[in-house]
Amino acid sequence: MACVAVALSDAEIKRQAEGSAAELRDPRHTGLRLRFRQDRAGGSWFLIKAKKWHKLGTWPELPVKTVVGMLPEVRARLAADPGASFGSSQWRTVGELLEWYRERSQRDRGLSAKRRAGIKSMVDCHMLPRLKDVLLADLDRPLLDRKLMWPLQEELSLSYTRQVLRALSSAFKQALRLQLIPSNPLDGVRFVDFVQTKVKPKAARLHAMDVPRLLLTLQDLWDRDRQGALLALMMLCHGTRIGETRQARWRHISLSDRVWIIPAEVTKTRTEHQLPLTAQVCALLERYRDGLGARHRDSAFVFPATPGKCLSEKGASEKFCQMTGGNWSSHDLRKLARTGWAELGVDYLIGEMLLNHQMSAMARTYIQTSADTLKREALERWHEWLDARGFTAVHGLIDGDNADCAFPAEAALQKAAQRNAASAIVEVQTHG
């Protein structure tokens, strides 16, 4: 079995993984070995002491810097207890585990950028300052309550405090699954163990009675900030999330097929979301694009910002702050749509599908055959309800208009034909 001597670093290990060496050693660290797995995508760390191989953990989960840092403690433990086991004990403190989890989550392609940022913020701002020096062996419910949970619930909302506990629990569960810790001290720990007050959902700040005034506000906003008005209207019409909406691309919208596809990579559930487009929304999008300035007319994004980029998360939030004055949020539009569907008698599962909530495979299979038709019927009823409260004044669609055509060429031809027909009628009336 070939063993190659190198100056160990994560970059060097990756380079050697492309070769044929079965093991790596570093002359600077006597007895330390990295043995590659058969697929060479990872390996196991060992420390050889008195001809006995002691497993320390796995690479890349345990990077070079961490394993080298733990060698003095490992050697000391082996001197005191030659039979000590290290196969599932990489870290001494909670801080070391949290730093590993933070770095791992930042490279997790399965997480959205927003989720990665959220985990990093929770670890850096709340977990590490309070738990960094806590020994893993000492972590239990009383200590967690005293150092983290009770102080957090005094400073932050209960819902966010619960999120912090969930992220912390995820870190320990992941470490246990990879056999990086011998046991999970948070196994069975629940939020109610620390806080008995029930976390209540935020009350809706928009109700059915507010819709006429809301639509009037958005109609007035259209001339001043067409982008902000459309952003709010698309969320109201479809119950979409702000992140999914602001990243919409024209190539994912077909007015001829009347469909809006939201790719999996921008959805919270990481599943593609297809929404039927009603005649009203098609007319709204045509009106919006016709009014775009030359700077943004050729943009790939429905809500363009700087060249080649869509409206940012911060930019979208600022638009809602200016639009609402803090009286309601973008999420209140999603709640309003969901409530409206329920009051119109839309099937519960169809409502969940429209919101793109995570659903069981059984539920999806049960209604998949007629889901598209039922979703379209639900949105048509919802948009007719909005029409009766002022939506018509915004999208401008009247009876007889055809919103099936795809922009821009077909829409322009149709509008030109309508204008010519109207001119001919006027001419006949004038000279008849």
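The values are calculated or read from the model by the stated rules, or taken from the named source; none is laboratory data. As the structure is a prediction and not an experimental result, all values here were calculated from the model. For neighbour counting, all protein chains shown are included, and Cβ atoms are generated from backbone atoms with ideal geometry for every residue, glycine included. When the accessible area is computed, the model is the full protein with side chains, heavy atoms only, and any ligands, DNA or RNA have been set aside. Shrake-Rupley method; radii C 1.70, N 1.55, O 1.52, S 1.80 Å.
Brief remarks on what is shown
- Potential extension, THR373-ARG141 segment - 0.36 nm per residue separation minus Cα distance: 78.4 nm
- Peptides 172-183, 238-249 ranked from most to least packed, by the mean per-residue count of other Cβ atoms within 10 Å: 238-249, 172-183.
- For a label point 7 Å along the Cα-to-beta-carbon line of THR269, residues of region 330-358 with backbone N under 14 Å: 348-358
- Theoretical ellipticity at 222 nm over the chain - DSSP helices of four or more residues, -39500 (n - 2.57) apiece, nearest 500: -15000 deg cm²/dmol
- The chain: relative contact order as a whole-number percent, Cα under 8 Å and 6+ apart: 12
- Shape of region 208-410, Cα gyration tensor, a/c cut at 1.5: rounded
- Cleavage-rule hits, trypsin sites (Lys or Arg not before Pro), region 101-130, DSSP coil, Cβ neighbours within 10 Å at most 16: ARG107, ARG109
- Taking the charge dipole of the chain about its Cα centre, with +1 at Lys and Arg Cβ atoms and -1 at Asp and Glu Cβ atoms, the residue from TRP150, LEU32, PRO307 reaching farthest to the positive side is LEU32.
- Rounded to the nearest 20, the size of the Cβ-charge dipole of the chain about its Cα centre is 1940 debye, with Lys and Arg at +1 and Asp and Glu at -1.
- For region 21-32, 3J(HN,Hα) per residue [Karplus equation, 6.51 cos²θ - 1.76 cosθ + 1.60, θ = phi - 60°, Hz, x = Gly/Pro]: 4, 8, 9, 10, 9, 10, x, 6, 10, 4, x, 7
- The modelled label-to-label distance for the pair ASP220/ALA50, using points 7 Å beyond Cα in the direction of Cβ, is 8.4 nm.
- Segment ALA76..GLU343, full-extension length gain: 89.3 nm, with 0.36 nm per residue of separation and the alpha-carbon distance subtracted.
- What the chain shows is 53 Å² of accessible area per residue, with the surface traced by a 1.4 Å probe over protein heavy atoms.
- Here the simple spin-label model places points 7 Å from the Cα toward Cβ, and for THR197 and ASP257 these points are separated by 5.0 nm.
- Computed about the Cα centre, the dipole magnitude for region 208-410 is approximately 760 debye when only Lys and Arg (+1) and Asp and Glu (-1) carry charge, each at its Cβ.
- Of the cross-linked pairs LYS14/LYS147; LYS200/LYS319; LYS173/LYS202; LYS147/LYS335; LYS120/LYS309, those separated by over 31 Å at the C-alpha level are LYS14/LYS147; LYS147/LYS335.
- By average C-beta atoms within 10 angstrom, highest first, the peptides 60-67, 196-203, 136-143: 60-67, 136-143, 196-203
- Distance between the 7 Å Cα→Cβ label points at SER9 and GLU96: 2.3 nm.
- Each of MET122, GLY43, LEU277 was scored by the projection of its Cα onto the charge dipole of the chain, and the greatest displacement toward the positive side belongs to GLY43; charges sit on the C-beta of Lys, Arg, Asp and Glu.
- Computed over protein heavy atoms with a 1.4 Å probe, the carbon and sulfur contribution to the accessible area of region 208-410 reaches 51%.
- Fraction of accessible area attributable to carbon and sulfur, region 94-193 (%, probe 1.4 Å): 47
- Peptides 3-15, 385-397 ranked from most to least packed, by the mean per-residue count of other Cβ atoms within 10 Å: 385-397, 3-15.
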